[in-house]
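The values are calculated or read from the model by the stated rules, or taken from the named source; none is laboratory data. Please read all numbers here as calculations on a predicted model, not as lab measurements. For neighbour counting, all protein chains shown are included, and Cβ atoms are generated from backbone atoms with ideal geometry for every residue, glycine included.
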Amino acid sequence: MRRIDRNLIIQFSKFAVVGGIGFILDNVLVYLGIYALGMSRIAAGFFSFPFVVTFTWTGNRLFTFRESKRTALWPQLLKFMSVCAIGLLFNRGTYCLLVTTVSFVYAYPILGLMAGTAVGMFFNFFIIRKHVFR
């Protein structure tokens, strides 16, 4: 049986902490979009993306991958956003599918956000670790 790298587990745990805080921010912004700005649930789901991805990039740069080689801010942010945009297909795809097909999730969009976040998190971690924060 293959031994799991302790550093990988610690790094993934830190990534999950940053992602958890990002998830809270995501929820605040989605609900703000729906109830304060009058957006549809799907539009609000995409409205929050640039804010959350900027927050999580900052958190991951300063906390999760702080030992990684320092690269210029803007190119790294753009690379991070590109990876997250692909992860967004998994994340928001799951969210959109659930809020449009499951009435309970439509009533409680946080459930769709939770499912989408779980799906996107694993994809994002391994790609970001390999291609953004080396």
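If we keep just the residues of the stretch 54-70 that are more than 13 Å from Phe15 (Cα to Cα) and either surrounded by 14 or more Cβ atoms within 10 Å (Cβ to Cβ) or in contact (Cβ under 8 Å) with a residue 12 or more places away in the chain (or both), which is farthest from the chain's Cα centre (by Cα)?
Looking at the filtered set, the residue picked out is Lys69.
What's the number of the only condition in (1) modelled with pLDDT of 95 or more; (2) surrounded by 13 or more Cβ atoms within 10 Å (Cβ to Cβ); (3) over 18 Å from Asn27 (Cα atoms); (4) not aromatic (Phe, Trp, Tyr) that Met81 fails to meet?
Among (1) modelled with pLDDT of 95 or more; (2) surrounded by 13 or more Cβ atoms within 10 Å (Cβ to Cβ); (3) over 18 Å from Asn27 (Cα atoms); (4) not aromatic (Phe, Trp, Tyr), Met81 violates only (1).
Quick one: how many residues across the stretch 1-35 are under 20 Å from Phe47 (Cβ atoms), touching a residue at least 40 places away in the same chain (Cβ under 8 Å) and of a type in the set (Phe, Trp, Tyr)?
Total meeting the criteria: 2.
I'd like the full set of residues that are closer than 16 Å to Gly33 by Cβ, in contact with a helix residue (DSSP H, G or I) (Cβ under 6 Å, 6 or more places away or on another chain) and either free of Cβ contacts under 8 Å to residues at least 12 places away in the same chain or among the charged types (D, E, K, R) (or both), limited to the stretch 94-131.
Of everything in the stretch 94-131, nothing turns out to be closer than 16 Å to Gly33 by Cβ, in contact with a helix residue (DSSP H, G or I) (Cβ under 6 Å, 6 or more places away or on another chain) and either free of Cβ contacts under 8 Å to residues at least 12 places away in the same chain or among the charged types (D, E, K, R) (or both).
Yes or no, residue by residue, for (1) surrounded by fewer than 19 Cβ atoms within 10 Å (Cβ to Cβ); (2) closer than 30 Å to Glu67 by Cα; (3) modelled with pLDDT of 95 or more:
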position	(1), (2), (3)
Thr94	no, no, no
Val99	no, no, no
Leu113	no, no, no
Gly116	no, yes, no
Met121	no, yes, no
Phe126	yes, yes, no
Lys130	yes, yes, no
Phe133	no, yes, no
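Where in the stretch 20-134 are there helices (runs of 4 or more DSSP H), lying fully within it, with 3 or more residues that are closer than 23 Å to Asn7 by Cβ?
In the stretch 20-134, 49-59, 73-101, 109-131 are the helices (runs of 4 or more DSSP H) which contain 3 or more residues that are closer than 23 Å to Asn7 by Cβ.
Would you confirm whether or not the stretch 8-15 contains a residue that is at pLDDT below 95, within 14 Å of Thr117 (Cα to Cα) and not small (Gly, Ala, Ser)?
The answer is no; no qualifying residue exists.
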